[in-house]
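The values are calculated or read from the model by the stated rules, or taken from the named source; none is laboratory data. Note that this is a predicted model, so its numbers are computed, not measured. Ideal geometry is used to build each Cβ from the backbone, glycine not excepted, and the neighbour counts take in all protein chains shown. The area values use the complete protein model at the heavy-atom level, side chains included, leaving out ligands, DNA and RNA. Shrake-Rupley method; radii C 1.70, N 1.55, O 1.52, S 1.80 Å.
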Amino acid sequence: FCRGGNLKHSGHGFTTRLGGVSSGRYASLNLGDRWGDDPACVRENLRRVSESAGFALSSLCQVSQVHGTSVLALRDPERRQREADGMATHAALTLAVYSADCVPILLADPDGRVAAVHAGWRGTVAGIATQAVRELVTLGAVASQLRAALFPSIGPCCFEVQEDVASPFRAVQPSTVRQKSNG
C-alpha cells in the first residue's frame, strides 16, 4: 500500500499473511474478499492493517486486477469498481494492490503524488511501470523526481516458465531470461 496527498502523512508498506483472524486456507491475514474467505474476517483483517499502518480504512482504494497495463487516476476512494492494474493519485488516499508472485511497485514524488502497480509478467512486458510514470506526470509529477519501491515477489529460483512467457521478455530485454542449467 502507499498513501498519497500531504507528504507529512504519506507512507508505504506491505503486509505478510501473519497477524489476522482468517483460518484454514486463508490463515491468517487474508485481505481478499473475492476468494471465499468469511467477509467478517476480511473486514477485521483490513481494519487491523489500517490501524497498524495509520490510515483510515475509508481512504483505501483498490482495483479489480486483470494483468494488464491500465493505470487509473483517482481523486476519491474506490474499492474494486473498475478493472486495472495500477492507480495513481495526489489526493489523501491509500492505494493497495494484491500480489502473490507478481511484483508490487510503488512510485512517489516529494509532493505526495503516488502510484501503486500490480506488475504481472504480461503487464511488465507491456510497460505498466512506464504507464504509471506517465499517469503521475499527468498529475503534475516530474519523472526525474520519482522514487520507486519494488516489494517482495517470486524470483527466478522459484518460477520456471516455458517459451511462451520467456519469449516476450527476451524480445524486450534479453538479459532478463536465464536458461536453466541441466546440472
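Observations
- Residue count, region 98-132 (criterion: more than 25 Å from S50 (Cβ to Cβ), within 14 Å of the chain's Cα centre (by Cα) and among the β-branched types (V, I, T)): 2
- Positions within region 2-44 being under 15 Å from T94 (Cβ atoms) and open to solvent by less than 80 Å² (accessible area, probe 1.4 Å), in sequence order: C2, R3, G4, G5, S10, G11, G13, T15, L31
- P110, sole failed condition from (1) touching a residue at least 60 places away in the same chain (Cβ under 8 Å); (2) part of a helix (DSSP H, G or I): (2)
- The test for being in a loop (DSSP other than H, G, I, E, B), surrounded by 12 or more Cβ atoms within 10 Å (Cβ to Cβ) and in contact (Cβ under 8 Å) with a residue 60 or more places away in the chain does not hold for P104.
- Selection count, region 53-64, where residues are open to solvent by less than 50 Å² (accessible area, probe 1.4 Å) and assigned to a loop (DSSP other than H, G, I, E, B): 1
- Of residues in region 143-160 being of a type in the set (A, V, I, L, M, F, W, C), open to solvent by less than 70 Å² (accessible area, probe 1.4 Å) and touching a residue at least 12 places away in the same chain (Cβ under 8 Å), the one farthest from V71 (Cα to Cα): I154
- Helices (runs of 4 or more DSSP H) enclosed by region 119-183 - at least 1 residues per element that are modelled with pLDDT under 90 and in contact with a His (Cβ under 7 Å, 6 or more places away or on another chain): none
- The set of residues from region 78-97 being outside any strand (DSSP E or B) and either farther than 18 Å from S50 by Cα or open to solvent by less than 20 Å² (accessible area, probe 1.4 Å) (or both) comprises E78, A84, D85, H90, L93, A96.
- For region 113-142, a residue qualifies if it is touching a residue at least 12 places away in the same chain (Cβ under 8 Å) and more than 19 Å from V97 (Cα to Cα), and the qualifying residues are T138, L139, G140, A141, V142.
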